[in-house]
Amino acid sequence: MNIVYFQPEGIKPEYCEIGMISEIDKEHIWYLDEPCKILINEVKIIPKECVFYDKKSKSYKIEL
C-alpha cells in the first residue's frame, strides 16, 4: 500500500486529502476515509514532506 497526499479539483489550496494507490489498480487513488476512488491524472500529488495534520481542524494541510 502506497500512501499519497493529493488535491482534487475544487479543494482549497491549503488543504489536501489522503489516499492509497493499490498494487492492483495503479490508475486510481483510493480515499482512506471514504469508500471511493479518483483517477490519478485528475489530482495534484503533494509531497509527503509538505503535509501536516492539523489536530484542531482534524484535516491535512499543506505547509506554505
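Brief remarks on what is shown
- Loop GluC sites (Glu not before Pro), the range 10-40 (other Cβ atoms within 10 Å of the site Cβ: 15 or fewer; DSSP): 14, 23, 27
- Neighbour counts of other Cβ atoms within 10 Å put 56, 37 in the fewest-to-most order 56, 37.
- Among 45, 24, 11: highest mean-square fluctuation, GNM of the chain, C-alpha pairs under 10 Å: 24
- Long-range HN-HN contacts of residue 11 with modeled amide H, under 5 Å: none
- Projected label distance in nm at residue 61 and residue 36, using a 7 Å step from Cα toward the beta-carbon: 2.5 nm
- Around the amide H of residue 46, modelled in the peptide plane, lie the amide H atoms of 5, 6, 7, all under 5 Å away and 5 or more residues distant in sequence or on another chain.
- Ratio of Rg to Rh for the chain: 0.95 [Cα atoms; Kirkwood radius as inverse mean 1/r over pairs].
Quick note: the coordinates plus some simple rules give every number you see, no bench work behind them. Here the structure is a predicted model, which means the values were calculated and not measured. Counting neighbours? That spans all protein chains shown, and the Cβs are built from the backbone with ideal geometry, glycine included.
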